[in-house]
Amino acid sequence: QVRLVESGGGLVQAGVSLRLSCAASGRSFSWYAMGWFRQVPGKDRDFVAGISWGGNSTKVADSVKGRFTISRDNAKNTVYLQMNSLKPEDTAVYYCAADNAPFDFISTMHETYDFWGQGTQVTVSS
């Protein structure tokens with residue numbers, strides 16, 4: 001069991017930065033690939049960024065490439081999403097998720113993830 005709690009969302013103007021955090025508790029945290037997804041009303045949860053449980057592989061969605069960076073600190077049981085140059089289209093609820101994946105494998109499909117946080121709202125105004 002892994003319990004995930006996101007934080008760091010808020011209401012910001014376009015062009016600024018936010019850093020989301022995902023604090024994990026439970027056993028075997030370092031064995032999970034971690035992903036960030038986002039969702040707006042009426043749409044599916046879309047992949048944003050992921051990091052392998054080995055910590056040496058990352059993926060980012062094309063829509064946020066060059067602006068968002070994912071990282072993890074297993075000693076602190078925390079995963080981060082650094083979001084720079086935020087745009088109004090980034091407005092969504094952001095979810096942290098854990099996937100019991102093979103070494104250095106990162107899934108971009110929300111159906112494959114085993115545990116989810118409650119989400120944190122990010123709103124970017126024009």
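Assorted remarks:
- For a label point 7 Å along the Cα-to-beta-carbon line of Ala75, residues of the range 23-43 with backbone N under 16 Å: 30
- Rounded to 0.05, the FRET efficiency of the Ser107 and Asp62 pair, given R0 = 22 Å and the Cβ-Cβ distance, is 0.85.
- Sparsely packed chymotrypsin sites (Phe, Trp or Tyr not before Pro) within the range 37-126, loop by DSSP, other Cβ within 10 Å at most 11: Phe103
- Lysines whose Cα lies under 17 Å from that of Lys65, excluding same-chain neighbours fewer than 8 positions away: Lys87
Each reported figure results from applying straightforward, stated rules to the coordinates on display, with no laboratory input. If you're wondering where the values come from, they're calculated on a predicted model, not measured in any experiment. Counting neighbours? That spans all protein chains shown, and the Cβs are built from the backbone with ideal geometry, glycine included.
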